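Engineer: Right, I'll just put the structure down here and ask away after.
Derivation of every value follows stated rules applied to the coordinates shown; laboratory data play no part. Everything numeric in this text was worked out from a predicted model, so none of it was measured. All Cβ positions, even for glycine, are placed from backbone atoms using ideal geometry, and neighbour counts span all protein chains on display.
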Amino acid sequence: MPGLRGIRARLTVTLVALVALTSALLGVGSYLVVDSRLRDQARENAANEAAFDLTVVAPKFGLGASPTGDAIVASGLLQTVSGRGITPIVDLGDGTTPIAPTEVVAALPALRSTLGPIVAQGRLAYAWTNVGGKPSLVVGGRLQPAGPDFYFVHDESDLEAILEQLRLALGGIALALIVVALLVGRVIARGVLAPVEAAGRAAERIERGDLSARVPVTSNDEFGTWAGRFNRMAAALAETISRLETAQAQNRRFVADVAHELRTPLAALVAEASILREHLGELPPDSRRAGELLVDDVARMRTLVEELMELSRFDAAAERIAAEPIDLVRLVRSVVAARLPQAELRLPDEPLVVETDQRRLERILGNLLDNAREHGGAVGAEVTLDIAPDELVLTVADRGPGVPPDRLEQIFERFYKADPSRAGGSSGLGLAIAAEHAVLLGGGLRAVNRDGGGLRIELHLPVTGSLQRGDLAAIGRSDREGATSATQEPHP
């Protein structure tokens, strides 16, 4: 179910996003705390060592106030500091060459600008910087009272390596948590949405006509309550549909029984009306008019009963298709000539032969032509036959009043009349019967209003293609032979 898959994906993504955000916050926070603690500890240790070297160790080596560079080198202080892994830089000032290893002497100008002002005040200063291509902590101080300035460079490559490992570890942990969250999120989302998926499957079964479909109640929470209500709704719907189907079956059976029972007395009425029609000219004018009305009413009653019997056969699924090769162009011409000869024909020039049921196609077209004549007259009526690769479209259009757009689908319902107050006329079953025949042929009817007024009804039928010329010729020979044999048969 695409909708549920989308919800499941959103739930999973939400959970993964929350875990990723939490992991990022915790990881960054942990890293910042550890980084700060390690750097503070390194700075504190370096400051203590620098103060010890300047205030305790230097005097022990006999360095007093303002010693010369040679005295500093000869004292052995620099060797002692270097022995602890610290690189000293001695800034003698006044343009004198500093005492420092070659690889770090280039960093002195930057140290003077950043740490020099603080060192000149007699205080210790520090800076995290890059010295000689290595991450370093530099602590600066001055021999009291006048100097020189000492800069102690601590190689902190090990500290940076530890922090790099910490970053990689935290990133790996965060990635692992995201993967776990993705897997767990899918499981959780599937479990949370399981009742919804079950309801979707049940609704789909109900849509296909299985009214026994229910949602399993697997919990006592809100989903369980919802599943119970869904099941009660489905049960009520099934009961309602069952009652409607029973009532519909009873109504159809009633109509079929009535139509069947009317056939016998109606046959007598038809016979009597035919006798009366032959003697209408012998009746007085007043009686003649009553007789004409009686004959017309009996004819309409006969048509109504026949239509009801035809619909009852559809309801009983007793109708069967008798498909045969049919030349549609010739069929349309003959039916239009008999039912509405004034209609304008727009047909293909070549014969168009398909496999279909001729009787049903004639019934559909005849009912559509009768409807066009009744509501639009003969003026402006058009009959069109179009063929597409997979279907044919037979259209009957009139110039009548048309149908309100919201009632276009209702005109194919039984006993529907656009003007219910109209007396006489059709029974309202012609289009319904045509629609039933169209469905039986695998197609359908569609009604649209014409531009400029009027109604256009389209018959859409699936086809697999026209027959070849040889088949068409065979059909023509068969028809001619049948006609010849029929004329030679003696009358009984």
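Engineer: Taking every DSSP beta bridge with both residues inside the chain, roughly what % is antiparallel (nearest 5)?
Structural biologist: In the chain, approximately 95 percent of DSSP beta bridges are antiparallel ones.
Engineer: Roughly how far apart, in whole Å, are the Cα centres of the range 48-105 and the range 339-417?
Structural biologist: About 113 Å separates the Cα centre of the range 48-105 from the one of the range 339-417.
Engineer: A further question follows. Taking R0 as 25 Å, what's the FRET efficiency between Ala194 and Leu25 from their Cβ-Cβ distance, rounded to 0.05?
Structural biologist: 0.20
Engineer: I've got another one for you. Using only the Cα atoms of the range 194-244, build the gyration tensor, take square roots of its eigenvalues as a ≥ b ≥ c, and label the shape rounded, prolate or oblate: rounded if a/c is under 1.5, else prolate if a/b is larger than b/c, else oblate.
Structural biologist: Oblate.
Engineer: With an 8 Å cut-off on Cα pairs and a minimum separation of 6 or more residues, tell me the relative contact order of the range 1-99 in percent.
Structural biologist: Once divided by the residue count of the range 1-99, the mean separation gives 12 percent.
Engineer: Excluding Pro148 itself, what net charge comes from residues whose Cβ is under 10 Å from its Cβ, given Lys and Arg +1 and Asp and Glu -1?
Structural biologist: -2
Engineer: Show me the ranking of peptides 153-160, 68-75 by mean Cβ neighbours inside 10 Å, starting with the highest.
Structural biologist: Highest to lowest by the protection proxy: 153-160, 68-75.
Engineer: What does the charge count around Met233 come to, taking other residues whose C-beta lies under 12 Å from its C-beta (Lys +1, Arg +1, Asp -1, Glu -1)?
Structural biologist: With Lys, Arg at +1 and Asp, Glu at -1, the neighbours total +2.
Engineer: Let me ask something else. Which far-off residues, 5 or more places away or on another chain, put their amide H under 5 Å from the one on Thr356, with H placed in the peptide plane?
Structural biologist: Glu324, Ile326
Engineer: If you take all C-alpha pairs in the range 142-264, what percent of them are over 21 Å apart?
Structural biologist: Counting every Cα pair in the range 142-264, those more than 21 Å apart make up 71 percent.
Engineer: For Cα pairs less than 8 Å apart in space and 6+ apart in sequence, what is the mean separation divided by the residue count of the range 73-211, i.e. the relative contact order in percent?
Structural biologist: Contact order relative to length: 18 percent.
Engineer: Hey, what D do you get for the range 321-414 in µm²/s if you plug the Kirkwood alpha-carbon radius into Stokes-Einstein at 37 °C and 0.692 mPa s?
Structural biologist: 232 µm²/s
Engineer: Positive end of the charge dipole of the chain (Lys, Arg +1 and Asp, Glu -1 on Cβ, about the Cα centre): tell me which of Asn449, Ala227, Ile178 has its Cα farthest that way.
Structural biologist: Ile178
Engineer: Summing +1 for each Lys or Arg and -1 for each Asp or Glu, what net charge is found among the other residues whose Cβ lies under 11 Å from the Cβ of His460?
Structural biologist: Summing Lys and Arg as +1 and Asp and Glu as -1 gives -3.
Engineer: Any chance you could list P(r) for the chain, counting all Cα-Cα pairs in 20 angstrom bins from zero, rounded to whole %?
Structural biologist: Calculated over all Cα pairs of the chain, the distribution is 15, 24, 16, 11, 11, 14, 7, 2, 0 percent.
Engineer: Taking Cα pairs under 8 Å and at least six residues apart, what relative contact order does the chain come out at, in percent?
Structural biologist: 9 percent.
Engineer: If the viscosity is 0.692 mPa s and the temperature 37 °C, what translational diffusion coefficient in µm²/s does Stokes-Einstein give for the range 207-297 when Rh comes from Kirkwood over Cα pairs?
Structural biologist: 177 µm²/s
Engineer: Search the structure for amide H atoms under 5 Å from the amide H of Leu392, placed 1.01 Å from N in the peptide plane, and list their residues when 5 or more places away or on another chain.
Structural biologist: Leu461, Val463
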